Amino acid sequence: MSHLQDRYNKLITPETKKRASLWGGTEKQEEKVHLVSSVANIVLEQAVIERASDIHFEPAKEGLRIRYRIDGILHIVLNIEEPVASLIIRRLKIMAGMQLDAVATQISQDGRFKQRMGASEYDFRLSSFPTVLGEKVVIRILNSNFSDYDLGKLGIDDKSLVRIRRMLQLKNGLLLVCGPTGSGKTTTLYSLLKEINTTSINVVTLEDPVEYQIDGMNQCDIKAKSKFLFADGLKAVLRQDPDIILVGEIRDGETAEIASRAAITGHLVFSSIHANSTIGTIVRLVNMGLEPYLVSYALVGVVAQRLVRRICPQCRTSYQLTPDQADMWHRYFEGWQSPLAKENANIHYVGAVEGEKTSTVTLFKGEGCEYCQMTGYVGRIGLYEILTFTEELRQAVLQGKATTELKQICIRSGMVPLAIDAMKKAQEGWTTLEEIVPILIEPN
Ligand SMILES: [Zn+2]
């Protein structure tokens with residue numbers, strides 16, 4: 001039974017049911033309100049305790065199913081029966097300032113509220129969606145505690161950290177973070193900004209939406225101002241005497257062009273882009289219509305990243321791969337032709353005799369314990385591929401060299417490919433083979 005189910009059962013007992021007006025009991029209206037808000041509170045509070053990023057309230061055949069997304073995975077935590085089910089949805093919508101009438105349940109709405117829990121304040125963002133079984137509500141939980149953003153704690157290895165910090169010393173240039181949705185791009189961008197946000201510089205951001213409000217920065221919410229898009233917003237920002245500009249995302253050629261021009265005219269510009277790898281980002285910018293000369297002169301660095309679940313430290317145990325798994329591991333490892341890429345990462349193939357099939361690869365997993373609620377994982381860790389522009393790379397981009405060649409140039413200047421970082425973090429016991437397989441099988 002989940003902790004939430006346990007708390008719910010203590011709140012909604014046969015005794016409460018007998019008394020409360022909800023079930024035709026004799027207690028007054030206040031008890032009903034109190035009971036419903038107590039249920040809403042424990043659902044929110046337990047989500048924060050368990051580090052959930054989202055809460056799903058899903059209409060089922062009878063009542064409501066509640067799931068938490070923890071470290072990227074959904075878990076069922078509670079089933080709520082009627083009449084509490086519909087009252088909870090109503091209660092949450094009131095808290096978020098959303099419409100309650102019958103018409104409003106047929107459309108999709110947004111709303112939000114803030115609530116202090118323990119030492120931090122949390123921002124709860126609701127969205128409703130009409131399903132055939134009734135209204136579904138999803139809450140995104142954002143922690144407004146900026147002290148959580150620490151570049152040194154993201155999982156970037158020391159050597160790469162030095163390379164990133166060197167880029168942050170630059171007065172101008174474009175620094176992009178890429179990866180799929182939910183790969184922690186925003187966290188990286190905020191952590192980068194936190195390193196350089198001082199009173200002597202003017203930081204202006206354009207975000208969609210502003211996820212965290214940070215002291216001393218001028219943040220603009222693109223979503224709140226309709227028709228004020230990234231490209232237009234960026235033109236306005238440039239008239240605001242900025243030193244550093246954060247553009248939430250580069251989605252189109254126009255934004256890419258303005259951001260690049262800003263970067264070559266004395267501004268440090270941070271942004272994210274939808275691409276799978278560092279080299280993929282260069283290709284994507286060119287495909288958006290950016291001239292290769294602009295890409296090669298504006299871009300100073302690219303961080304490609306993924307998030308994987310971190311093995312629970314309380315129940316972590318080592319195990320030997322089966323011969324088949326070890327063979328697969330070996331093939332992936334040897335698939336990386338460049339010994340230099342492995343040298344960059346300081347990774348060594350454990351247990352293997354050169355070129356031979358081996359059955360002695362040792363990796364790690366969580367066995368499952370009370371601390372990790374039997375999942376074997378607690379929290380997540382980032383996997384990174386960090387590209388820094390060199391003169392050699394600049395020339396190669398200008399000459400339109402093939403991506404494989406660009407990649408070799410990057411590796412020569414110290415880049416650790418994402419798949420190598422993934423294998424290294426599995427070997428070191430941060431994460432499991434299962435978590436990194438999707439990264440290993442990606443086309444490079
Ligand atoms: Zn555990």
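The values are calculated or read from the model by the stated rules, or taken from the named source; none is laboratory data. Keep in mind that this is a model prediction, so the values were computed, not measured. Methodologically, a virtual Cβ is constructed for each residue, glycine included, from the backbone with ideal geometry; neighbour enumeration extends over all protein chains shown.
List the number of the failed condition for GLN373; all other conditions in (1) assigned to a strand (DSSP E or B); (2) modelled with pLDDT under 90 hold.
Failing condition for GLN373: (1).
So which of VAL137, VAL177 ends up being under 18 Å from the mean Cα position of the chain (by Cα), at pLDDT 90 or above and surrounded by 20 or more Cβ atoms within 10 Å (Cβ to Cβ)?
Values: VAL137 fails: under 18 Å from the mean Cα position of the chain (by Cα).
Being under 18 Å from the mean Cα position of the chain (by Cα), at pLDDT 90 or above and surrounded by 20 or more Cβ atoms within 10 Å (Cβ to Cβ) holds for just one of VAL137, VAL177, which is VAL177.
ASP150: exposed (fewer than 14 other Cβ atoms within 10 Å of the Cβ), in contact with a helix residue (DSSP H, G or I) (Cβ under 7 Å, 6 or more places away or on another chain) and of a type in the set (Asp, Glu), yes or no?
For ASP150, the condition - exposed (fewer than 14 other Cβ atoms within 10 Å of the Cβ), in contact with a helix residue (DSSP H, G or I) (Cβ under 7 Å, 6 or more places away or on another chain) and of a type in the set (Asp, Glu) - is met.
If I ask for residues that are more than 16 Å from the ligand (Cβ to nearest atom), surrounded by 18 or more Cβ atoms within 10 Å (Cβ to Cβ) and over 24 Å from the mean Cα position of the chain (by Cα), which ones from the range 276-317 would you list?
Passing the criteria: LEU290, LEU294, VAL295, SER296, TYR297, ALA298.
Quick one: is GLN213 in contact (Cβ under 8 Å) with a residue 60 or more places away in the chain, assigned to a loop (DSSP other than H, G, I, E, B) and in the same structural domain as ILE436 (by TED's automatic domain parsing)?
yes
Pairs needed: first member in the range 169-189, in contact (Cβ under 8 Å) with a residue 60 or more places away in the chain and in the same structural domain as TYR384 (by TED's automatic domain parsing); second member anywhere, of a type in the set (Asp, Glu) and surrounded by 16 or more Cβ atoms within 10 Å (Cβ to Cβ); C-beta distance under 7 Å; at least 6 residues apart or different chains.
Close Cβ pairs (under 7 Å, with a partner that is of a type in the set (Asp, Glu) and surrounded by 16 or more Cβ atoms within 10 Å (Cβ to Cβ)) amount to THR186/GLU211.
If a residue has to be of a type outside the set (Val, Ile, Thr) and touching a residue at least 24 places away in the same chain (Cβ under 8 Å) to count, how many in the range 1-19 make the cut?
Selection size over the range 1-19: 7.
How many residues are in contact with a helix residue (DSSP H, G or I) (Cβ under 7 Å, 6 or more places away or on another chain) and not in a loop (DSSP other than H, G, I, E, B) if we restrict to the range 383-433?
Residues meeting the conditions: 29.
Please pick out the residue among GLU442, GLU385, GLU435, GLU391 that is surrounded by fewer than 17 Cβ atoms within 10 Å (Cβ to Cβ) and either aliphatic (A, V, I, L, M) or modelled with pLDDT of 90 or more (or both).
Every option except GLU391 fails the conditions.
Looking at (1) out of contact with any helix residue (DSSP H, G or I) (no Cβ under 8 Å at 6 or more places or on another chain); (2) of a type in the set (A, V, I, L, M, F, W, C); (3) in a strand (DSSP E or B), which is the only condition VAL177 fails?
Among (1) out of contact with any helix residue (DSSP H, G or I) (no Cβ under 8 Å at 6 or more places or on another chain); (2) of a type in the set (A, V, I, L, M, F, W, C); (3) in a strand (DSSP E or B), the lone unmet condition for VAL177 is (1).
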